[in-house]
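Asks: First, the structure itself, so that you have it in front of you.
The values are calculated or read from the model by the stated rules, or taken from the named source; none is laboratory data. Predicted, not measured: the structure shown is a model, and the values here were computed from it. Neighbour counts run over all protein chains shown; Cβ positions are idealised from the backbone, glycine included.
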Protein chains: 2
Amino acid sequence: MQIDAVDFFYLAMPEIRAVADGSQDAVLVRVRAGQYEGWGECEASPLTTIASWVCPLSHGACRPVRDSVLGHRLDEPSDIGRIGALVRAHSMDLLQADHTLSGIDIALWDLMGKRFGQPIHRLLGYAKAYPKLPYASVLFGETGVETLAKGKRAREDGYRAVKFGWGPFGRIGPKEDQEQLVAAREGIGKDGILLVDAGTVWIDDVPRAAKTLKAVRLVDALWLEEPFATGALSAYAALAQQGGRVKLAGGEGCHTVDMARQMLDYAGVGYIQIDAGRIGGISAAKRVADLAVERGVTYVNHTFTSHLALSASLQPYAGLADHILCEYPVEQSALARELTREPLRAEGEEGRIYLPDAPGHGMAPDLEAVRKYVVDVEIKVQGRVLYRTPAV
Amino acid sequence: MQIDAVDFFYLAMPEIRAVADGSQDAVLVRVRAGQYEGWGECEASPLTTIASWVCPLSHGACRPVRDSVLGHRLDEPSDIGRIGALVRAHSMDLLQADHTLSGIDIALWDLMGKRFGQPIHRLLGYAKAYPKLPYASVLFGETGVETLAKGKRAREDGYRAVKFGWGPFGRIGPKEDQEQLVAAREGIGKDGILLVDAGTVWIDDVPRAAKTLKAVRLVDALWLEEPFATGALSAYAALAQQGGRVKLAGGEGCHTVDMARQMLDYAGVGYIQIDAGRIGGISAAKRVADLAVERGVTYVNHTFTSHLALSASLQPYAGLADHILCEYPVEQSALARELTREPLRAEGEEGRIYLPDAPGHGMAPDLEAVRKYVVDVEIKVQGRVLYRTPAV
């Protein structure tokens with residue numbers, strides 16, 4: 001078999017706002033090889049990703065991503081790693097390529113799953129997929145009262161674990177942060193698992209972060225996520241020492257295995273959060289899961305969009321019984337909700353998330369929904385059309 | 001003043017080959033504010049860079065780069081840093097943004113130089129620009145005989161320091177590498193400064209790199225550059241311990257200050273090589289130069305393209321008297337050679353490179369040459385033209 005076709009679809013809500021909701025648009029990828037089809041999604045700027053797929057050759061280490069994918073051999077799961085290595089070598093100087101590769105890699109795993117009649121996690125070498133405990137990922141309210149109400153609602157909806165992030169948090173001062181944190185704890189109750197996401201707000205300013213960390217300890221949160229920019233490793237390491245029982249979490253911005261390895265080795269994080277739609281796909285995410293196990297760090301997915309993206313981000317650590325938390329998007333756009341027909345719902349008394357025991361992702365995009373949200377793009381270079389939105 | 005216009009130009013040679021010559025195309029950036037104009041260049045995939053500038057909003061942390069630049073205030077050099085921070089925050093999830101910002105930042109420094117009648121290095125706080133010793137950057141020959149001839153020619157052309165890289169080096173075996181290295185040393189003579197560039201060929205394989213490192217020590221090279229991928233910090237650190245007098249060099253792939261800081265802190269490099277056209281511009285490169293001085297590591301530019309790019313990459317360490325080596329491209333394409341009218345030539349008995357003592361870069365693109373190489377691009381989304389190549 002060889003890779004016969006790869007199609008990129010730019011999907012978007014009719015109106016998009018400049019808020020921290022990454023589910024307002026999507027890059028959907030369809031791969032065809034032989035009689036099989038696979039689907040993937042990357043967490044990326046759609047137009048920029050499409051451009052990196054079709055751009056003309058710049059030089060030997062800055063080739064369009066498609067040159068390392070289209071027409072290449074695809075018989076075994078190991079071929080996916082070979083294709084990824086080729087993309088990295090031949091598009092080394094094309095910065096966007098890691099995001100683009102992510103969607104392709106995920107679609108290739110789906111396709112391989114269908115070919116071998118196996119769920120992706122089994123092809124990755126896991127004997128079984130353990131159920132995960134979902135945490136509801138919500139934005140802080142504008143006021144403490146609003147945050148408290150959001151916490152209550154998440155518990156009423158059945159979530160024992162709730163993550164609050166972004167909004168005004170970290171942007172005013174430690175006193176205001178403490179009010180928000182106390183409200184969040186009150187909202188979810190004493191027995192709730194509280195997670196806090198600072199959204200890189202302190203960039204690399206350890207003293208400012210340390211002031212709010214005190215309040216995070218006070219309300220007994222499990223983790224403080226992304227106090228700093230992804231690469232601010234020494235700031236992470238310095239803050240981690242002041243955390244007590246509160247561990248630091250981070251990693252969603254990693255676009256290579258090396259970046260994640262550096263967070264594991266130098267940042268002192270207790271949780272590594274990987275988005276398969278950014279780090280280079282399921283292949284790269286699985287390597288990070290292996291590294292996390294070696295180092296005694298807990299792996300968690302990062303997902304704020306569709307259930308196709310959720311499946312892709314859960315597969316890499318599905319077989320790790322002790323890494324039980326999973327991020328579960330609850331404030332998605334209609335596009336993200338409608339993208340797949342078979343959502344991953346919390347099941348059983350404990351409300352756990354189970355990956356389907358079916359080939360590939362065990363779910364497919366709802367093509368009628370896709371058609372509703374598809375954005376028409378045309379890119380011409382020297383008068384020649386390099387990309388035009390394909391038929392769904 | 002505010003930023004009134006930013007124009008991106010995609011320039012390319014008529015024919016482009018998949019070889020390690022990054023000068024075959026270019027992204028040229030023109031910025032206008034008030035009565036002033038500034039020029040910059042980034043080392044990036046042109047079409048992908050243009051897409052990241054004009055792409056529709058995805059969400060609050062994935063905005064088109066232009067939203068953080070166009071219409072923003074620009075009165076003082078400090079405004080450039082503010083704009084860069086805004087791009088990083090608002091395009092955090094747009095991977096290509098760092099490369100795009102690089103060209104804009106460089107053009108903004110040129111514009112500020114013209115406004116204040118000062119060369120860029122003076123605006124950066126340097127009292128004077130020290131002359132640099134250029135090394136000729138050439139590719140290894142296909143055979144040792146060819147490499148020897150290239151070394152001789154570089155010395156005849158007046159270069160005391162010569163860097164050999166890429167080609168077959170590292171791709172066959174340590175014996176073949178040693179033959180190439182012995183030929184290179186013979187070509188440039190005993191008193192020549194020999195630099196070796198492995199072009200990331202060993203990815204993260206320390207034992208394989210160590211075998212060739214022995215030969216690099218044998219021929220008394222000053223540095224071994226990029227044995228591994230930019231992020232393979234622990235591999236760098238392990239190999240650095242076996243280098244003896246040979247230091248490791250790396251850093252050209254860094255697209256953030258944090259990445260460069262990590263190479264300084266964890267990779268054990270003796271030389272940090274920064275391309276202002278990739279790391280986020282002159283602002284980011286200057287911060288790395290400051291960090292290098294603090295840590296006793298020597299800063300070197302990375303430049304393989306035009307003299308506009310060369311100026312941008314020299315400004316950040318122009319005032320560091322002890323950091324004397326500079327990469328000087330000698331095998332550029334006609335496009336890169338013709339892009340500026342005032343090349344930076346080796347001068348004086350010692351053949352040093354002097355930055356012009358004139359406002360901004362002290363050079364400008366040759367617009368006639370630019371017109372010859374300009375590539376027409378049109379990007380349409382939902383029928384609306386987001387980008388069409390502007391008039392030069």
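Asks: Of A:128, A:150, A:211, A:163, which residue is touching a Ser or Thr at 6+ places or on another chain (Cβ under 9 Å), assigned by TED's automatic domain parsing to the domain that holds residue A:326 and either surrounded by fewer than 20 Cβ atoms within 10 Å (Cβ to Cβ) or of a type in the set (Lys, Arg) (or both)? Walk me through it before giving the result.
Replies: Numbers: A:128 fails: touching a Ser or Thr at 6+ places or on another chain (Cβ under 9 Å); A:150 fails: touching a Ser or Thr at 6+ places or on another chain (Cβ under 9 Å); A:211 fails: touching a Ser or Thr at 6+ places or on another chain (Cβ under 9 Å).
The match here is A:163.
Asks: Any residue in the range A:37-51 that is among the aromatic types (Phe, Trp, Tyr), touching an Asp or Glu at 6+ places or on another chain (Cβ under 6 Å), at pLDDT 95 or above and assigned by TED's automatic domain parsing to the domain that holds residue A:379? If you could, list the steps in order and put the result at the bottom.
Replies: So the first thing to find is which residues in the range A:37-51 are among the aromatic types (Phe, Trp, Tyr), and the list is A:39.
Going one step further and asking which of them are touching an Asp or Glu at 6+ places or on another chain (Cβ under 6 Å), we end up with A:39.
This time we only want the ones that are at pLDDT 95 or above, so: A:39.
With the extra rule that they be assigned by TED's automatic domain parsing to the domain that holds residue A:379, the set shrinks to A:39.
Yes, some residue in the range A:37-51 is among the aromatic types (Phe, Trp, Tyr), touching an Asp or Glu at 6+ places or on another chain (Cβ under 6 Å), at pLDDT 95 or above and assigned by TED's automatic domain parsing to the domain that holds residue A:379.
Asks: Just one of the numbered conditions (1) over 24 Å from residue A:126 (Cβ atoms); (2) without any contact (Cβ under 8 Å) to a residue 60 or more places away in the chain is not true of residue A:255; which one?
Replies: (2)
Asks: Now a separate question. For the range A:291-298, indicate whether the set of residues that are assigned to a helix (DSSP H, G or I), within 12 Å of chain B (Cβ to nearest Cβ), surrounded by 24 or more Cβ atoms within 10 Å (Cβ to Cβ) and in contact (Cβ under 8 Å) with a residue 24 or more places away in the chain is non-empty.
Replies: Filtering the range A:291-298 down to residues assigned to a helix (DSSP H, G or I) leaves A:291-295.
Of the ones still in play, those that are also within 12 Å of chain B (Cβ to nearest Cβ) are A:291.
If we keep only those that are surrounded by 24 or more Cβ atoms within 10 Å (Cβ to Cβ) too, we end up with none.
So far as the range A:291-298 goes, no, none of its residues is assigned to a helix (DSSP H, G or I), within 12 Å of chain B (Cβ to nearest Cβ), surrounded by 24 or more Cβ atoms within 10 Å (Cβ to Cβ) and in contact (Cβ under 8 Å) with a residue 24 or more places away in the chain.
Asks: Which of the following residues is away from chain B (no Cβ under 14 Å), of a type in the set (Lys, Arg) and without any contact (Cβ under 8 Å) to a residue 24 or more places away in the chain: A:352, A:341, A:388, A:371? Break it down into steps so the answer makes sense when it comes.
Replies: Numbers: A:352 fails: without any contact (Cβ under 8 Å) to a residue 24 or more places away in the chain; A:341 fails: without any contact (Cβ under 8 Å) to a residue 24 or more places away in the chain; A:388 fails: away from chain B (no Cβ under 14 Å).
Among A:352, A:341, A:388, A:371, only A:371 is away from chain B (no Cβ under 14 Å), of a type in the set (Lys, Arg) and without any contact (Cβ under 8 Å) to a residue 24 or more places away in the chain.
Asks: Okay, next question. Quick check: is even one residue across the range A:238-247 touching a Phe, Trp or Tyr at 6+ places or on another chain (Cβ under 6 Å), more than 19 Å from residue A:119 (Cβ to Cβ) and of a type in the set (D, E, K, R)? Show your work before the answer.
Replies: Residues of the range A:238-247 that are touching a Phe, Trp or Tyr at 6+ places or on another chain (Cβ under 6 Å), as a first pass: A:247.
Filter once more, keeping what is more than 19 Å from residue A:119 (Cβ to Cβ): A:247.
Imposing the further condition that a residue be of a type in the set (D, E, K, R) reduces the set to A:247.
Scanning the range A:238-247, I find at least one residue that is touching a Phe, Trp or Tyr at 6+ places or on another chain (Cβ under 6 Å), more than 19 Å from residue A:119 (Cβ to Cβ) and of a type in the set (D, E, K, R), so the answer is yes.
Asks: Exactly one condition in (1) assigned to a helix (DSSP H, G or I); (2) under 24 Å from residue B:99 (Cα atoms) is false for residue B:326; which is it?
Replies: Unmet condition: (1).
Asks: Does residue B:46 qualify as being within 12 Å of another protein chain (Cβ to nearest Cβ) and free of Cβ contacts under 8 Å to residues at least 12 places away in the same chain?
Replies: On the way: within 12 Å of another protein chain (Cβ to nearest Cβ): yes; free of Cβ contacts under 8 Å to residues at least 12 places away in the same chain: no.
Spelling it out, it is not the case that residue B:46 is within 12 Å of another protein chain (Cβ to nearest Cβ) and free of Cβ contacts under 8 Å to residues at least 12 places away in the same chain.
Asks: Going by what's in this entry, would residue B:308 be described as touching a residue at least 24 places away in the same chain (Cβ under 8 Å) and touching a helix residue (DSSP H, G or I) at 6+ places or on another chain (Cβ under 7 Å)? Please lay out each step first, then the result.
Replies: Details: touching a residue at least 24 places away in the same chain (Cβ under 8 Å): yes; touching a helix residue (DSSP H, G or I) at 6+ places or on another chain (Cβ under 7 Å): no.
Here the answer is no, as residue B:308 does not meet what is asked.
Asks: Let me ask something else. From the list B:372, B:380, exactly one residue is part of a strand (DSSP E or B), surrounded by fewer than 17 Cβ atoms within 10 Å (Cβ to Cβ) and assigned by TED's automatic domain parsing to the domain that holds residue B:16. Which is it? Steps first, please.
Replies: Working: B:372 fails: part of a strand (DSSP E or B).
Exactly one of B:372, B:380 is part of a strand (DSSP E or B), surrounded by fewer than 17 Cβ atoms within 10 Å (Cβ to Cβ) and assigned by TED's automatic domain parsing to the domain that holds residue B:16, namely B:380.
Asks: Sort through B:125, B:158, B:189 and tell me the only one that's of a type outside the set (A, V, I, L, M, F, W, C) and without any contact (Cβ under 8 Å) to a residue 60 or more places away in the chain. If you could, list the steps in order and put the result at the bottom.
Replies: On the way: B:125 fails: without any contact (Cβ under 8 Å) to a residue 60 or more places away in the chain; B:158 fails: without any contact (Cβ under 8 Å) to a residue 60 or more places away in the chain.
Testing whether each residue is of a type outside the set (A, V, I, L, M, F, W, C) and without any contact (Cβ under 8 Å) to a residue 60 or more places away in the chain leaves just B:189.
Asks: Among the listed residues A:86, A:108, which satisfies the condition of being within 14 Å of chain B (Cβ to nearest Cβ), closer than 28 Å to residue A:303 by Cβ and not in a loop (DSSP other than H, G, I, E, B)? Reasoning before the result, please.
Replies: Numbers: A:108 fails: within 14 Å of chain B (Cβ to nearest Cβ).
Only one candidate passes the filter, namely A:86.
Asks: Going by the conditions given, is residue B:321 touching a Phe, Trp or Tyr at 6+ places or on another chain (Cβ under 6 Å), assigned by TED's automatic domain parsing to the domain that holds residue B:248 and touching a residue at least 40 places away in the same chain (Cβ under 8 Å)?
Replies: Taking the combined requirement at face value, the residue satisfies it.
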